[in-house]
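J.: Sharing a structure below in C-alpha cells format, with a few things to ask.
Throughout, read-outs are computed from the coordinates displayed, never taken from laboratory work. Only a predicted model underlies this, so the values are computations on that prediction, with no experimental measurement involved. Don't worry about glycine lacking a Cβ; one is built from the backbone with ideal geometry, like all the others, and counts go over all protein chains shown.
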C-alpha cells in the first residue's frame, strides 16, 4: 500500500482494439472492488472509424485516450504503446496493482513482469482470451459476466447435474476445500476462495450463473455448508465440508 491510502491504487490500461465500450461501466464497477483507479488510459488509433463508439464513454468516465498511429499494416503499435506506458508507470512505484483490459496474448509477458515486482495484476477480457494471458494474471475476469451487474442476478444458472458433470470445476472446489480443511474436514469459505484464486485466476461464480461462491458451492450439492456464530456472539462465518467426508465418518463409525 502506498502512503496512507486505505485502498490499493490501481492503473487501468485498456487496449481499445480488444475491448468494447459497452463493457466500460461494468468494468470500472468491477475495478472498484479491487481498489481505486488512480490512472485510467485507453490506447488506440483514434483517427480510425472503428473507435468512434468510444468518445461518449471516455468523456463520461474520465478515461484518457492515448493516440497511437498505425505506422505499418499488420503491426500492432497500440500494444507497444500500452506496454511502454505500463513499464513507465511501474517504475514510478506509485501503484499497488494494474488492470490490463485486453483479449490479446501480447500482454502475457507484461502481466508476468508486473507481478515479478510484487504488484497485483487484474486481467479483463473476453472468453476467447488465450490461456497464457489469463494464467499470467492474479485474477482474470471475463467481460461477458459484467453485463449482468445491474440485474437481480446472473442469468443461465447451471443445474446441479451440469455442475457435477464439470470435472474441472468439481476437482477445483474439492481440492480447495481439502487444502483449507481442519481435521473434521471443515474449511472456512474465505480461505477456500483464496485457494481457488491461486489455482485458477479466471474462476468466477458468475461464469456458472451464480453471484457468490457460497451459492455456487451449494448448487453443486456436493458439499455441506454450515454457518457458525463467532466468539463475539454477533459475527458469523461460513464453513464448507465435502459430503464424502461425512459419508466416510458414518462408514467408519
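J.: Over the stretch 160-252, what is the relative contact order in whole percent, taking alpha-carbon pairs under 8 Å and six or more residues apart?
T.: So the answer I get is 28 percent.
J.: Using a simple spin-label model with points 7 Å from Cα along the Cα→Cβ vector, what separation in nm is obtained for residue 179 and residue 47?
T.: Inter-label distance under the simple model: 4.9 nm.
J.: Efficiency by 1/(1 + (r/R0)^6): what FRET value for residue 62 and residue 211, r their Cβ-Cβ distance, R0 = 30 Å, to the nearest 0.05?
T.: 0.60
J.: Do you know the relative contact order of the stretch 92-152, to the nearest whole percent, from alpha carbon pairs under 8 angstrom that are 6+ apart?
T.: 33 percent
J.: Oh, and also: Going by a ≥ b ≥ c, the root eigenvalues of the Cα gyration tensor, does the stretch 160-252 fall in the rounded group (a/c under 1.5), the prolate group (a/b larger than b/c) or the oblate group?
T.: oblate
J.: Another question about this same structure. With a/c under 1.5 counting as rounded, go ahead and sort the stretch 100-191 into rounded, prolate or oblate using the C-alpha gyration tensor (a ≥ b ≥ c being the square roots of the eigenvalues; past the cut-off, prolate if a/b is larger than b/c, else oblate).
T.: Oblate shape, in that a/c is at least 1.5 and b/c is the bigger or equal ratio.
J.: If you take the square roots of the eigenvalues of the alpha-carbon gyration tensor of the chain and sort them as a ≥ b ≥ c, do you get rounded (a/c under 1.5), prolate (a/b over b/c) or oblate?
T.: It comes out prolate by the Cα gyration axes.
J.: Further question on the same structure: Between the helical axis of 77-92 and the dominant principal axis of the chain, each derived from Cα atoms, what acute angle in degrees is found, rounded to the nearest 10?
T.: 70 degrees
J.: Also, quick follow-up: What angle, in degrees between 0 and 90 and rounded to the nearest 10, separates the Cα long axis of helix 243-252 from the longest principal axis of the Cα atoms of the chain?
T.: So the helix axis and the longest Cα principal axis differ by about 20 degrees.
J.: For helix 24-34, report the angle its Cα long axis makes with the longest principal axis of the Cα atoms of the chain; keep it between 0 and 90° and round to the nearest 10°.
T.: Compared with the principal axis, the helix lies near 60 degrees.
J.: Restricting things to alpha carbons, tell me how big the stretch 9-148 is in terms of Rg and Dmax, in Å.
T.: For the stretch 9-148, the Cα-based Rg and Dmax read 13.9, 39 Å.
J.: Still on this model: What is the distance, in nm, between label points placed 7 Å from the Cα along the Cα-to-Cβ direction at residue 171 and at residue 69?
T.: 5.2 nm
J.: Relative contact order for the chain: what is it in percent, counting Cα pairs under 8 Å that are at least 6 residues apart?
T.: Taking the mean separation of contacting Cα pairs over the length of the chain, I get 15 percent.
J.: Taking the mean number of other Cβ atoms within 10 Å as a proxy for protection, how do you rank 190-198, 133-141, 221-229, 169-177 from highest to lowest?
T.: 133-141, 169-177, 190-198, 221-229
J.: Quick check: pseudo-label points 7 Å beyond the Cα along Cα→Cβ at residue 135 and residue 198, how many nm apart are they?
T.: In this crude spin-label approximation the distance works out to 1.8 nm.
J.: Something else: Please give the length that would be gained between residue 109 and residue 126 if that part of the chain were fully extended, namely 0.36 nm times their separation in residues minus their C-alpha to C-alpha distance (nm, one decimal).
T.: Taking residue 109 through residue 126 to full extension adds about 4.3 nm, to one decimal.
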